[in-house]
Amino acid sequence: MTGKRMWGGRFKGGPDSLLLRVNASIHFDQRMIDQDVLGSIAQARMLEKIAILSEGERAEIEAGLLLVLKRYHAGELALSEELEDVHTHVEHELSNHVDPQTAGRLHTGRSRNDQVALDVCMWLRDEVGVLRAALTSLIELLSSRATDWAEIPCVGLTHLQSAQPVTVGHHIMAYAVALTRDLERVQDLRRRIRFCPLGSGSLAGSPLPLDRAYVAEQLGFEGGPSLNSMDSVASRDLLVEACAVAAVAGLNLSRLAEDLILWASPAQGWITLPDECCTGSSLMPQKKNPDGLELVRGKSGRILGRLMGLATVLKGLPMSYNKDLQEDKEACFDALDTLQDMIALTQLSLAKAEIRADRCLAAVHADGFLMATDLADYLVLKKVPFRDAHHIVGTVVAHAEQKSVGLKDLSLDEYQNINPAFEADLFTWLDPERSIARRSTAGGPAPDAVRATATQLHELCAQSRRKIEAEHGPCPLLNELIQKKLWTGLDPVQGD
Ligand code: ARG
């Protein structure tokens, strides 16, 4: 087996089976095989350009790499711990199809350290595209559900206590807007994935005349070659950032999930969730549990854990590459996969959820004091200073509470006894639907204001899709291989 390794020369014995097992990353880094092969083809073309490979050798390597990729996707590649990682597997398998002398030239001026940095960057860039598309569709869904429900009043809460009437649409729109910031953060991350690490070597560059700019251009790195060979192999801050962005988006989704879970609880009964996102109980026949949303809520903690885990690995890690860095991939893969699942589960739950408008409205009317703020605003319009108005309405509330009735159950006399500024028109101010319609300022709960936000978000989503197309298309090399029908990897994805 020693012969298969990339580093056997100076060793007499091989690593202990324990180390073999713990050191191996193939079971998770095989996920980057498309990126690895693409990077290697760019490397081979560059080596031809600088006359280290002949045209024939380059062509042989290129065909060999595409065959390895094809065999991998056909499930024909034997994976082994001895070969550690995806990079070694690809190179080893290449030497089974190509003259080993020729295959042996591919790694010229390259280390697995800059190779893995490249693969990870390319993988992240692809994943960011998928995530942008998923967030965009979720924002669109939330915004369209908000429009569907823009006229349905519900109790708005602060401190989990009744506060003021809003609409179900306004409440849902709050999450659509929060997610636009998550989308912006993911978009922003794309800009930083623009430097190509390949050509940095183990840490110290190369004495060979590598054409790094050519590689960067072929692989679609618009910033060109990375600016420091040590930083290139040592840094994983982009992955930390991806986990952080995912963690924040996860927090937003967990709060939406919690609200929907509460809405679906029998006590509230504002929403009926589709069967597709619920399960039953093995004991209690009547149960319909919102597991999908509970998992969204729970998995947000998992992403935070991944973020903390990765940040902790990096904390105080000396320059430059250290094997600790191999921990980056599972953390980031899992954080982003988890977020994708959370987005999909949220979509599944919301797309077919039905609002029980009668229950929402009944809750609004059952609450005797939901209109207290409106009453204070009413007094302000009667020229009472707001601070006085607040106090006067407080007195009204205390009076009604003592009688165990709500604001609309008091008589005009009782109101006027508390303050003469009250007049008969006060009762029209106690209608929750009118109250909502009155709060029509930009970003307010009035149906037209919610619809105006929806229009804005719709434009933002259309813009996001255009940007995804412009910033996540296949790189020049991949494009060429696809055009020539040579590409044997997965179709480049841009999400849904
Ligand atoms: N599997 C390794 C990783 O993920 C690749 C780099 C290995 N480099 C090395 N010098 N052992 O980081």
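Quick check on region 220-241. Is at least one of its residues more than 30 Å from residue 183 (Cα to Cα), open to solvent by 10 Å² or more (accessible area, probe 1.4 Å) and either acidic (Asp, Glu) or at pLDDT 95 or above (or both)?
So far as region 220-241 goes, yes, one or more of its residues are more than 30 Å from residue 183 (Cα to Cα), open to solvent by 10 Å² or more (accessible area, probe 1.4 Å) and either acidic (Asp, Glu) or at pLDDT 95 or above (or both).
With the requirement that a residue be away from the ligand (no atom under 11 Å from the Cβ), in a helix (DSSP H, G or I) and in contact with a helix residue (DSSP H, G or I) (Cβ under 8 Å, 6 or more places away or on another chain), what does region 94-117 give you?
Within region 94-117, 94, 95, 97, 102, 103 qualify.
On the basis of being open to solvent by 40 Å² or more (accessible area, probe 1.4 Å), closer than 30 Å to residue 24 by Cα and away from the ligand (no atom under 16 Å from the Cβ), does residue 316 make the cut?
yes
Could you list, in sequence order, all residues of region 295-309 that are more than 16 Å from the ligand (Cβ to nearest atom), free of Cβ contacts under 8 Å to residues at least 60 places away in the same chain and open to solvent by less than 70 Å² (accessible area, probe 1.4 Å)?
Of everything in region 295-309, those that are more than 16 Å from the ligand (Cβ to nearest atom), free of Cβ contacts under 8 Å to residues at least 60 places away in the same chain and open to solvent by less than 70 Å² (accessible area, probe 1.4 Å) turn out to be 296, 298, 299, 300, 301, 304, 305.
Starting from residues that are among the charged types (D, E, K, R) and free of Cβ contacts under 8 Å to residues at least 60 places away in the same chain, keep the ones in region 326-369 and report whichever is surrounded by the fewest Cβ atoms within 10 Å (Cβ to Cβ).
Restricting to residues being among the charged types (D, E, K, R) and free of Cβ contacts under 8 Å to residues at least 60 places away in the same chain, the top hit is 358.
If you scan region 441-453, which residues turn out to be open to solvent by less than 70 Å² (accessible area, probe 1.4 Å) and either out of contact with any His (no Cβ under 7 Å at 6 or more places or on another chain) or among the basic types (Lys, Arg) (or both)?
443, 444, 446, 447, 449, 452, 453
Within region 420-430, track down each residue that is of a type outside the set (Phe, Trp, Tyr) and open to solvent by 30 Å² or more (accessible area, probe 1.4 Å).
Hits for region 420-430 are 420, 423, 424, 425, 428.
Could you please find all residues in region 392-410 being more than 11 Å from residue 375 (Cα to Cα) and open to solvent by 50 Å² or more (accessible area, probe 1.4 Å)?
Once the filter is applied, which keeps residues that are more than 11 Å from residue 375 (Cα to Cα) and open to solvent by 50 Å² or more (accessible area, probe 1.4 Å), region 392-410 yields 395, 398, 399, 401, 402, 403, 404, 409.
Would region 277-292 turn up any residue that is in contact with a Ser or Thr (Cβ under 9 Å, 6 or more places away or on another chain) and open to solvent by 70 Å² or more (accessible area, probe 1.4 Å)?
Yes - at least one qualifying residue is present in region 277-292.
Restricting to region 448-496, name every residue that is touching a Leu at 6+ places or on another chain (Cβ under 8 Å) and modelled with pLDDT under 95.
Answer for region 448-496, where residues must be touching a Leu at 6+ places or on another chain (Cβ under 8 Å) and modelled with pLDDT under 95: 492, 495.
Residue-wise test of (1) more than 25 Å from the chain's Cα centre (by Cα); (2) within 16 Å of the ligand (Cβ to nearest atom).
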{"residue": "252", "(1), (2)": "no, no"}
{"residue": "260", "(1), (2)": "no, no"}
{"residue": "274", "(1), (2)": "no, no"}
{"residue": "283", "(1), (2)": "yes, no"}
{"residue": "292", "(1), (2)": "no, no"}
{"residue": "311", "(1), (2)": "no, no"}
{"residue": "321", "(1), (2)": "yes, yes"}
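Among (1) out of contact with any helix residue (DSSP H, G or I) (no Cβ under 6 Å at 6 or more places or on another chain); (2) away from the ligand (no atom under 16 Å from the Cβ), where does residue 80 come up short?
The failed condition is (2).
What are the residue pairs meeting all of these: first residue in region 120-148, first residue more than 23 Å from residue 449 (Cα to Cα), second residue assigned to a helix (DSSP H, G or I) and basic (Lys, Arg), Cβ atoms under 6 Å, and 6 or more apart or on different chains?
128/190
So residue 191 clears everything in (1) over 22 Å from the mean Cα position of the chain (by Cα); (2) under 30 Å from residue 49 (Cβ atoms); (3) surrounded by fewer than 21 Cβ atoms within 10 Å (Cβ to Cβ) except one condition, right? Which one?
(1)
Output the residue which, of all residues in region 371-384 that are in a helix (DSSP H, G or I) and open to solvent by less than 30 Å² (accessible area, probe 1.4 Å), is farthest from residue 436 (Cα to Cα).
379
Take the residues in region 261-291 that are of a type in the set (Val, Ile, Thr) and either more than 21 Å from residue 172 (Cβ to Cβ) or assigned to a helix (DSSP H, G or I) (or both); name whichever of them is modelled with the highest pLDDT.
The qualifying residue modelled with the highest pLDDT is 261.
So that you can scan it fast, the table gives a plain yes or no per residue for (1) in a helix (DSSP H, G or I); (2) within 16 Å of the ligand (Cβ to nearest atom); (3) in contact with a Cys (Cβ under 6 Å, 6 or more places away or on another chain):
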position	(1), (2), (3)
326	yes, yes, no
334	yes, yes, no
339	yes, no, no
344	yes, no, no
347	yes, no, no
359	yes, no, no
369	no, no, no
390	yes, no, no
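Checking residue 133 against (1) within 16 Å of the ligand (Cβ to nearest atom); (2) in a helix (DSSP H, G or I), only one condition comes out false. Which one?
Only one criterion in (1) within 16 Å of the ligand (Cβ to nearest atom); (2) in a helix (DSSP H, G or I) is unmet by residue 133, namely (1).
The values are calculated or read from the model by the stated rules, or taken from the named source; none is laboratory data. Computed from a prediction, not measured in an experiment: that's the story for all the values here. Heads up, the Cβs are rebuilt from the backbone with ideal geometry, glycines too, and the neighbour counts pull from every protein chain shown. Keep in mind that these areas ignore ligands, DNA and RNA; they rest on the heavy atoms of the full protein, side chains included. Shrake-Rupley method; radii C 1.70, N 1.55, O 1.52, S 1.80 Å.
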